[in-house]
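For reference, the structure discussed in these notes is given below.
The values are calculated or read from the model by the stated rules, or taken from the named source; none is laboratory data. All figures in this text were calculated on a predicted structure; none of them were measured in a lab. Every residue, glycine among them, receives a Cβ derived from its backbone with ideal geometry; neighbour counts consider all protein chains shown.
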Amino acid sequence: MGIDLPDAGARPAGVAATTTGAEPTVLTRRVDPGALLARLGTVPAAVLAAWLLAAYPLVLAGAATPVRTLVLALPVTVGLAAVAWRVPPIPRTPWWAAVATVVIAVGFGLLAATEHAEHLVLRRDAGVYALAAHWLATSGGLVVPAGLGVAGGADPTFTVESPGFYLVGDSLVPQFMSGAATALLPGGWVAGTAGILLMPALYGTLALLAMASLVGRLVGPRWAPLAALALGLPLPQLLATRTTYSEPVAQLLVLGGLCLLVGAATRVTGRRPGMALAGLAGLAVGAGPLVRIEALREVVLLVPVAGWLAARHRPQWIPLVLGAAAGVGFAAVDARSQAWPYVSDLGPWVRPLLTLCALLVAATATGVVAARLLVPRLRAAGRLERARSVVAGAGGLGVVAVAAFFVVRPAVQTAHTIRDVTTPIVEGWQRDQGLAVDGTRTYAEWSLRWVEWYVGWPALALAGGAAAMLVARAIRGRADGWAVALPLPLASTVLVLYRPGITPDHPWADRRLVPTVLPTVVLLGVAAVAALARLARSRAAAGAPAAAGVAGAPGAAGGLGAAGGVGRGGVVGRGGVVGRGRPAVAVAVALAGAAVLTVPAAVASRPLATARTEAGQVGAVDRACAAFGPGEVAVLVDARTRQEWLPALRQVCEVPAVAVPGQPTDRTATRAEVDAVVARVRAAGGRAVLVAQSGEPLPRLTAEPQRQVVGLVTAEHQRLLARPPDGLAGLTVELWVAPAS
């Protein structure tokens, strides 16, 4: 079995008893480290899901003030957290494992908080999330008044749009789904912009705890600290948790949902075993699309898991499906309202996914019916095990074939996309880096290599071998925990690697690896190391060479398939790295495996582990805000200023702002274009102040003296297409102003 089941007659965890005659007497109550480790993986995700779903109606209504939101969210949060609190403890968890896990996760969280980026001047997606969250924290909603009236109403001579914000009527809406800004909202209430920028570090810390809890349940609690360390070290994880991206929030929901799902499969007592936990698992995963639309992929991949539960007559499939549907319902409302301009742009991606969902539902339903009809007949005929072995072998070979495809993919495919606004940008990078110029290339064929940059080929080999063996064991029915936990992250990893769907510069593109790819590699890698350590001990105990191959070894399969593979004395037995006796060979194998999972990641991350980007932008925006007085209207005269400063001036400084020229262009506005907009501003009763990103254009556009209000020298990440990043690129952020003449 993939999960250790608690003894039916065991006394409650955390209660010590003594026996007088036949009756136990309760002496004291203590905290159970197994319960702590289990709850660290479930309660944060439940709280986050509750917050997102309870706060969203108020966000949609533009009424998400602190008092209203807390009044609505508190009972929902307490209720869902109470459900997550009832997750079964992870058996035989030593205190050192729980404490080490917390220390490692908190350490990475503190590093992320200390080195957090300050994306407030809008350059890429992180700035959109930060600016949207800031507006939400100060106004209670995500819809931003466009302020067209400051220039006499809509007119082709000017624009209020910028990258990341769509103009809908006389309002602007953020480019992305509403859940990410909603998740950052508490930080804005507590500490303003600084609090928003620190929230990803919190979610990253909680995601590491969820990763450790999942590994503790499936592999063994003594492996939990290694899981937290191995997931925290890769560079994409480090960078995502110090930046206002949606990935850390999505990662916590997925990993917490998997912890809840495995916990639901563990709880087998009672008339409705694990029903509430399964429903909460579905709700956590189902809330993902409200945070990032790509999380629809993970929700769709719950379908075969629900089918597996239904085929085995496990009633948890019903609340799992209902919970996921409830979570997706909120995302659907958002997609059809505030986020519609963004979602409609993604139609070519969303429609195939919905088609895949329909096909997967049909195939799963057919499979469930077939299994319920065929399994009893095969069992009666004595052919069930043979049939399972054939299908299991095919499943394992299928995993090997998929892995082989990704290895050879660069030699057989060159991935392309349609021409869009990013095509000229990619072509510019290609010229600068001496690459063949083709702006439609996505470099997706190199996606497995992207992962290898940050974890190393040995870790990928361990993960691939473990995946093949675990899929085979799950099909045979010998690893129930893995059967419910593995399909979603494994299939999601395959889909992400096949089509990352992101501008292919690094480290920008590597954030696609954060929600499921890196956690899957770590989960499978730790399982493989545990199996090898168990095999080494069993061979040493039997006097056989410990270096014998893993494939085909009975002990190896057991170590992969269960947290309690060999009982209390085994290396992986019921939660341990090594059991009684602690043979040196098993310890050596465990340490070597841990080094494979951590050392390459640490080496790859070292150049940027403590390299902060975009530092100083909060102060720069504050100085820009102070440069404008009452009644003044910012008129932005060049493309870079319009792209980077328009949202910050409007949403942080609350300065009325318009930009010329009105259409996207790289040129600076002409004097005639500026004068036309200035005249409109004056006719509307405002005082126009010209704004530029350098001191060069303003003397040509106004006779009034100019002054520099921002002159920030900072750094940003490199934008590399063919190799991993190893440093930062210099970045200068300026802002010059002058009254219109």
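So residue 619 fits all but one of (1) at pLDDT 95 or above; (2) exposed (fewer than 14 other Cβ atoms within 10 Å of the Cβ); (3) within 30 Å of residue 454 (Cβ to Cβ); (4) not hydroxyl-bearing (Ser, Thr, Tyr); what number is the exception?
(3)
Could you look through segment 293-344, keep only residues that are in contact with a Phe, Trp or Tyr (Cβ under 9 Å, 6 or more places away or on another chain) and among the acidic types (Asp, Glu), and pick out the one that is nearest to residue 358 (Cα to Cα)?
Top of the filtered list is 294.
Scan segment 479-538 residue by residue and report those that are part of a loop (DSSP other than H, G, I, E, B) and closer than 14 Å to residue 214 by Cα.
So in segment 479-538, the residues part of a loop (DSSP other than H, G, I, E, B) come out as 479, 486, 499-505, 507, 514-516.
Of everything in segment 479-538, those that are part of a loop (DSSP other than H, G, I, E, B) and closer than 14 Å to residue 214 by Cα turn out to be 486, 516.
Mind checking which residues of segment 338-364 are of a type in the set (Ser, Thr, Tyr) and either under 23 Å from residue 500 (Cβ atoms) or exposed (fewer than 13 other Cβ atoms within 10 Å of the Cβ) (or both)?
342, 344, 355
Out of 707, 667, report the one residue that is outside the structural domain of residue 449 (by TED's automatic domain parsing), at pLDDT 95 or above, more than 30 Å from residue 443 (Cα to Cα) and of a type outside the set (Gly, Ala, Ser).
707
Can you find a residue that is in contact with a Pro (Cβ under 7 Å, 6 or more places away or on another chain) and among the aliphatic types (A, V, I, L, M) anywhere in segment 674-689?
Checked against the condition, which is being in contact with a Pro (Cβ under 7 Å, 6 or more places away or on another chain) and among the aliphatic types (A, V, I, L, M), segment 674-689 yields at least one hit.
With the requirement that a residue be in a loop (DSSP other than H, G, I, E, B) and β-branched (Val, Ile, Thr), what does segment 407-441 give you?
If the condition is that a residue be in a loop (DSSP other than H, G, I, E, B) and β-branched (Val, Ile, Thr), then 414, 417, 418, 421, 422, 437, 440 are the ones that fit.
Just to confirm my filter: which helices (runs of 4 or more DSSP H) fall fully inside segment 620-712 and include at least 1 residues that are within 30 Å of residue 194 (Cα to Cα)?
Passing ranges, in order: 639-651.
Is it the case that some residue within segment 183-203 is polar (S, T, N, Q), crowded, with 24+ Cβ neighbours inside 10 Å and touching a helix residue (DSSP H, G or I) at 6+ places or on another chain (Cβ under 8 Å)?
No, segment 183-203 contains no residue that is polar (S, T, N, Q), crowded, with 24+ Cβ neighbours inside 10 Å and touching a helix residue (DSSP H, G or I) at 6+ places or on another chain (Cβ under 8 Å).
Just give me the residues in segment 157-182 being among the polar types (S, T, N, Q) and either under 16 Å from residue 342 (Cβ atoms) or buried (at least 24 other Cβ atoms within 10 Å of the Cβ) (or both), in sequence order.
Correct list: 162, 171, 175, 178, 182.
Return the pair list, or none, for Cβ contacts closer than 9 Å from residues in segment 630-650 that are under 17 Å from residue 676 (Cα atoms) to residues that are in a helix (DSSP H, G or I) and basic (Lys, Arg), at least 6 apart or on different chains.
Between residues of segment 630-650 that are under 17 Å from residue 676 (Cα atoms) and residues that are in a helix (DSSP H, G or I) and basic (Lys, Arg), the close pairs are 634/650; 636/642.
Does segment 5-15 contain any residue that is assigned to a helix (DSSP H, G or I) and either of a type in the set (Lys, Arg) or at pLDDT 95 or above (or both)?
Taking segment 5-15 first, the residues assigned to a helix (DSSP H, G or I) are none.
Within segment 5-15, none of the residues are assigned to a helix (DSSP H, G or I) and either of a type in the set (Lys, Arg) or at pLDDT 95 or above (or both).
Conditions (1) in contact with a Gly (Cβ under 7 Å, 6 or more places away or on another chain); (2) closer than 26 Å to residue 58 by Cα; (3) without any contact (Cβ under 8 Å) to a residue 24 or more places away in the chain, marked per residue:
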site	(1), (2), (3)
302	yes, no, no
309	no, no, no
334	no, yes, no
337	no, yes, no
351	no, no, yes
356	no, no, no
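From the list 103, 99, 144, pick out the single residue that is in contact with a Ser or Thr (Cβ under 9 Å, 6 or more places away or on another chain) and at pLDDT 95 or above.
Answer to the selection: 144.
Pick out the one residue from 525, 501, 456 that is of a type outside the set (A, V, I, L, M) and under 30 Å from residue 311 (Cα atoms).
525 is the lone residue from the list that is of a type outside the set (A, V, I, L, M) and under 30 Å from residue 311 (Cα atoms).
Residues are listed down the side, and each one gets a yes or a no for (1) touching a Leu at 6+ places or on another chain (Cβ under 7 Å); (2) crowded, with 22+ Cβ neighbours inside 10 Å; (3) among the charged types (D, E, K, R):
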| position | (1), (2), (3) |
| --- | --- |
| 475 | no, no, no |
| 478 | no, no, yes |
| 481 | yes, yes, no |
| 495 | no, no, no |
| 501 | no, no, no |
| 513 | no, yes, no |
| 519 | yes, yes, no |
| 523 | yes, yes, no |
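Sort through 367, 323, 396, 382 and tell me the only one that's out of contact with any His (no Cβ under 7 Å at 6 or more places or on another chain) and loosely packed, with under 14 Cβ neighbours inside 10 Å.
Numbers: 367 fails: loosely packed, with under 14 Cβ neighbours inside 10 Å; 323 fails: loosely packed, with under 14 Cβ neighbours inside 10 Å; 396 fails: loosely packed, with under 14 Cβ neighbours inside 10 Å.
Only one candidate qualifies: 382.
Only one of 230, 210 is in the same structural domain as residue 97 (by TED's automatic domain parsing) and under 22 Å from residue 51 (Cα atoms). Can you tell me which? Let's see the steps before the verdict.
Numbers: 230 fails: under 22 Å from residue 51 (Cα atoms).
The unique qualifying residue is 210.
Could you pull out the residue among 459, 472 that is closer than 17 Å to residue 403 by Cβ and in contact with a Pro (Cβ under 7 Å, 6 or more places away or on another chain)?
So the residue among 459, 472 that is closer than 17 Å to residue 403 by Cβ and in contact with a Pro (Cβ under 7 Å, 6 or more places away or on another chain) is 459.
Name the helices (runs of 4 or more DSSP H) wholly within segment 202-294 that hold at least 2 residues that are under 12 Å from the mean Cα position of the chain (by Cα)?
Details: elements: 224-232, 235-240, 247-266, 275-286, 288-291.
Per the criteria, 235-240, 247-266, 288-291.
May I ask you to verify whether residue 488 is under 20 Å from residue 304 (Cα atoms), buried (at least 21 other Cβ atoms within 10 Å of the Cβ) and assigned by TED's automatic domain parsing to the domain that holds residue 439?
yes
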